[in-house]
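*Asks:* Below you'll find the structure I mean.
The values are calculated or read from the model by the stated rules, or taken from the named source; none is laboratory data. Just so we're clear, the structure is a prediction, and the values are computed from it rather than from any experiment. For accessibility, only protein heavy atoms count, side chains too; no ligands or nucleic acids. Shrake-Rupley method; radii C 1.70, N 1.55, O 1.52, S 1.80 Å.
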Amino acid sequence: GGLAAGMVGGGTHFDDMNEAELEHKLFVGMISREMTERDVRALFLPYGDVRSIYLIRNPDGTRRGCAFVRMTDREGCEASIEALNERITMEGMSRPLVVKYADGNYKGRRRRPGVAAGIGGYAPQPPGGGLSPSAS
C-alpha cells in the first residue's frame, strides 16, 4: 500500500487532526449552479463515503458553481479525482468538472498562510498541487 507518508512532511506530531481533515477534503469546481447538496453527494457516492458537502455561495446567497466535499478516506478522494476531474462536463457549463484536493490549492494560495490550518507557513503539498500519492 502506497500510503502518502512522503507528503505529510514535518508538522504531523502537533497537527494530526488538521492534516487528516485536509487530506480528505476536495474542492469541486464547474458544477451546475442548479445542483443541491444531494446532487453533489450522488456524484461522489460511487467512489467512496461522503462525510459532508459545502456548497460555496456568493454573499447574496446564490451558488457559485463550486463546493467542498469531505470524504471519509483518502481512497475515496483519489477515486473521485481519477473518475471525475476533467472527465465530465455538467449541463450548462462551458468547461469540464474540476475535482482536486482542497488544501493548498484553493484556500491556502489566496489567503494568508495559517488561516486554513492554524499554523503559519504550513504547506502540506508542493506548489504544483501534488496530486500523485507518491513521488516515484
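*Asks:* Per q in 0.21, 0.22 1/Å, what log10 I(q)/I(0) does a Debye calculation on the alpha-carbon atoms of the stretch 19-101 return?
*Replies:* The Debye formula, applied to the Cα set alone, gives -0.92, -1.00.
*Asks:* I would also like to ask the following. Residue 32: accessible area at probe 1.4 Å, nearest 10 Å²?
*Replies:* Accessible area of residue 32: about 20 Å².
*Asks:* List the relative contact order of the stretch 19-101 as a percent without decimals, with contacts defined as Cα pairs under 8 Å and 6+ residues apart.
*Replies:* Relative contact order comes out at 39 percent.
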